[in-house]
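Take a look at the structure below.
The values are calculated or read from the model by the stated rules, or taken from the named source; none is laboratory data. Nothing here was measured: the structure is a model prediction, and the numbers come from that model. For neighbour counting, all protein chains shown are included, and Cβ atoms are generated from backbone atoms with ideal geometry for every residue, glycine included.
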Amino acid sequence: MKEKIDRLKERALAAIADTHIVKALNELKVSFLGKNGEITGLLKGMKDVPPEEKPAIGKLVNGLRAEIEEAIANRERLLKEKETAARLESEAIDVTLPGKAVARGGLHPVELVKNQLIEAFLPFGFDVYEGPEVELDYYNFKQLNIPDDHPARDMQDTFYITDSILLRTQTSAGQIRWMEKEKPPIRILSPGRVYRSDYDATHSPMFHQMEGLVVDKGITLCDLKGVLEEVCKKVFDPGVKTRLRPSYFPFTEPSVEIDVSCSECGGKGCSLCKGTGWIEILGAGMVNRVVLENCGIDPDVYTGFAFGVGLERIAMLKYGIPDIRYLFDNDIRFLKQF
Ligand code: DAH
């Protein structure tokens with residue numbers, strides 16, 4: 001029996017010293033100390049030991065059990081420390097490595113131009129109002145002094161939804177919506193998408209405009225000229241010149257077109273300005289009496305000016321974009337340049 005105990009001791013201690021993971025150690029623990037383990041086996045064999053040897057042998061078995069328990073506990077501590085150290089090393093983060101850069105988005109050039117214009121107009125006290133894109137004929141045409149069958153409708157090839165509902169062809173519709181609701185003094189900008197059945201290098205079926213409207217007592221064409229000159233200087237460059245050219249819109253009288261001096265040639269004449277030295281940037285005029293009356297504003301008391309500017313056109317001029325379609329292709333190489 002004593003020999004058996006010695007051999008078990010030798011085997012157990014060697015096996016424990018030979019474990020390299022906690023899981024294997026736990027298995028050993030069961031096989032030596034468990035309910036059906038070898039120590040328990042030894043204790044069961046005690047019944048065959050002669051009575052006079054029992055105390056001594058019992059002491060040996062208990063001593064062996066304590067020794068194995070201690071060896072397992074020591075080994076377990078050591079293995080756990082090693083496992084923790086290995087895990088910490090494998091999960092180590094090198095904070096000196098360069099970070100992963102996240103690509104940054106930017107504003108679309110049309111949005112940039114819109115924001116620049118709004119910022120340039122803000123000091124004059126303009127509010128921003130956005131009307132609906134699906135609009136009534138009533139706001140888009142009729143109230144703007146463009147009755148059914150008026151030849152001016154030919155200037156704007158319209159997407160009709162029904163006879164009386166359409167995709168707005170001009171942000172001018174916002175003027176009427178605002179004037180029906182608000183009384184003078186009025187100073188609003190109305191930016192947004194507009195739609196026309198047009199498609200080539202300078203026309204897109206969807207594009208952006210920004211409308212402006214000022215109505216108050218004593219507003220004259222000089223106010224229109226002064227405000228727009230200031231804004232052009234801010235949006236283009238401080239040296240830019242502007243000029244007013246007679247034009248026609250049913251909702252303004254008189255109507256003008258505003259040109260800026262060509263930034264490419266400084267006014268000498270080049271291919272960009274088609275040799276004229278001037279580039280047309282927007283339509284404007286004094287609000288037609290009929291339009292004021294349509295909205296319940298007395299044209300003998302109040303006068304106003306209005307203008308409408310194409311945002312793509314300004315973006316193309318400012319950034320030298322040769323084809324309007326670049327603005328809508330969503331080509332990241334193009335968009336990244338702004
Ligand atoms: N709505 C016109 C267009 O789309 C632009 C315009 C011209 C707007 C004169 C105005 C204006 O408010 O007074 O061509």
With respect to L122, determine if the residue is in the same structural domain as D300 (by TED's automatic domain parsing), closer than 29 Å to I321 by Cα and away from the ligand (no atom under 16 Å from the Cβ). yes
Check off (1) more than 34 Å from the chain's Cα centre (by Cα); (2) surrounded by 15 or more Cβ atoms within 10 Å (Cβ to Cβ) for G266 and give me the number that stays unchecked. (2)
Report, by residue number, each residue of the range 201-213 that is crowded, with 23+ Cβ neighbours inside 10 Å and of a type in the set (A, V, I, L, M, F, W, C). M210, L213
Please tell me if Y248 is closer than 30 Å to D329 by Cβ, of a type in the set (S, T, Y) and out of contact with any helix residue (DSSP H, G or I) (no Cβ under 6 Å at 6 or more places or on another chain). no
I219 - would you say it is within 15 Å of the ligand (Cβ to nearest atom), assigned to a loop (DSSP other than H, G, I, E, B), assigned by TED's automatic domain parsing to the domain that holds R313 and surrounded by 15 or more Cβ atoms within 10 Å (Cβ to Cβ)? yes
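Only one of K234, K241, K183 is of a type in the set (K, R) and surrounded by fewer than 15 Cβ atoms within 10 Å (Cβ to Cβ); which? Even if it seems obvious, please write down each step before you answer.
Numbers: K234 fails: surrounded by fewer than 15 Cβ atoms within 10 Å (Cβ to Cβ); K241 fails: surrounded by fewer than 15 Cβ atoms within 10 Å (Cβ to Cβ).
On inspection, the qualifying residue turns out to be K183.
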Considering each residue of the range 67-81, count those that are surrounded by fewer than 12 Cβ atoms within 10 Å (Cβ to Cβ) and either touching a helix residue (DSSP H, G or I) at 6+ places or on another chain (Cβ under 9 Å) or not in a helix (DSSP H, G or I) (or both), and give that number. 0
Can you name the residue in the range 196-216 that is more than 13 Å from the ligand (Cβ to nearest atom), assigned to a strand (DSSP E or B) and within 30 Å of P322 (Cβ to Cβ) and is also modelled with the lowest pLDDT among such residues? D200
Please go through the range 2-26 and give me each residue that is surrounded by 12 or more Cβ atoms within 10 Å (Cβ to Cβ) and under 22 Å from L78 (Cα atoms), ordered by number. K9, R11, A12, L13, A15, I16, T19, V22, A24, L25, N26
Of the conditions (1) among the basic types (K, R); (2) at pLDDT 95 or above; (3) more than 14 Å from the ligand (Cβ to nearest atom), the single one that R193 does not satisfy is (3)
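Scan V301, V290, V309 and give me the residue that is in the same structural domain as N145 (by TED's automatic domain parsing), at pLDDT 95 or above, out of contact with any His (no Cβ under 8 Å at 6 or more places or on another chain) and more than 16 Å from the ligand (Cβ to nearest atom).
V301
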Sole miss for V30 among (1) in contact with a Gly (Cβ under 9 Å, 6 or more places away or on another chain); (2) in contact (Cβ under 8 Å) with a residue 12 or more places away in the chain; (3) surrounded by fewer than 16 Cβ atoms within 10 Å (Cβ to Cβ) is condition (2)
I'm checking my understanding of the structure. Among residues of the range 302-327 that are aromatic (F, W, Y) and more than 16 Å from K114 (Cα to Cα), which one is surrounded by the fewest Cβ atoms within 10 Å (Cβ to Cβ)? Y326
Test G239 against the stated conditions and say whether it is more than 16 Å from the ligand (Cβ to nearest atom) and either farther than 27 Å from F141 by Cα or touching a residue at least 60 places away in the same chain (Cβ under 8 Å) (or both). yes
